[in-house]
């Protein structure tokens with residue numbers, strides 16, 4: 001058991017993961033409030049405090065367990081998890097169908113911004129004189145890019161209740177959107193089947209690699 005490697009991996013990924021889920025969910029809340037729904041605001045969920053968004057199972061237990069198991073089995077850490085979704089009552093939005101698009105996009109949009117932030121962290125680690133601090137900073141920046149790009153792409157899948165599903169429902173004609181929304185109760189089950197079967201990797205893998213390549217090329221990095 002590579003215990004040191006597991007502990008180092010968890011330490012490197014912890015901060016990027018916490019920021020990724022916290023800002024993703026907070027962004028949904030901020031966007032909902034901007035467009036007229038104060039549900040999340042009234043429940044105290046529009047916050048950058050990670051404890052407001054962390055799900056003990058989805059944010060801690062499942063990711064840590066998967067990371068350890070995949071690290072031991074394959075030598076490479078694999079992460080998958082979720083946070084407590086910010087409550088949004090789309091009926092409260094000023095223009096529910098149109099505004100739903102922007103509320104849903106706010107989360108992946110936040111992940112895109114954070115990916116750029118972590119790219120800058122990597123760039124800073126490269127520019128600074130080599131020290132005990134720059135090595136972990138470089139690894140953390142790389143982890144931040146990877147996590148946020150993966151979260152963004154996954155959440156943009158047109159599958160309710162993912163953000164991409166909400167966006168698709170916003171863009172589809174009313175009648176089609178109504179039938180499309182009926183998939184939502186089975187959405188996560190479908191996602192898990194796609195994940196376990198390997199189909200999900202085939203679908204999103206090339207896009208994740210492409211976005212990471214474009215981002216690191218823009219900053220002159222290597223991930």
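Each residue in 189, 152 was given a count of other beta-carbon atoms within 10 angstrom of its own, and listing them fewest first yields 189, 152. The listed peptides 114-126, 18-30, ordered by packing as a protection proxy, come out as 18-30, 114-126 (highest mean of other Cβ atoms within 10 Å first). If you plug the beta carbon distance of residue 186 and residue 98 into 1/(1 + (r/R0)^6) with R0 = 30 Å, you get a FRET efficiency near 0.70. Rg/Rh for the chain stands at 0.99; both radii use Cα atoms, and Rh follows the Kirkwood definition. Ranking of 132, 37 by neighbouring Cβ atoms within 10 Å, starting from the fewest: 132, 37.
Every number here is computed from the coordinates shown, using simple stated rules; none is lab data. What you see is a predicted model, and the numbers here were worked out from it, not measured in a lab. We place every Cβ from the backbone using ideal geometry, glycine too, and count neighbours over all the protein chains shown.
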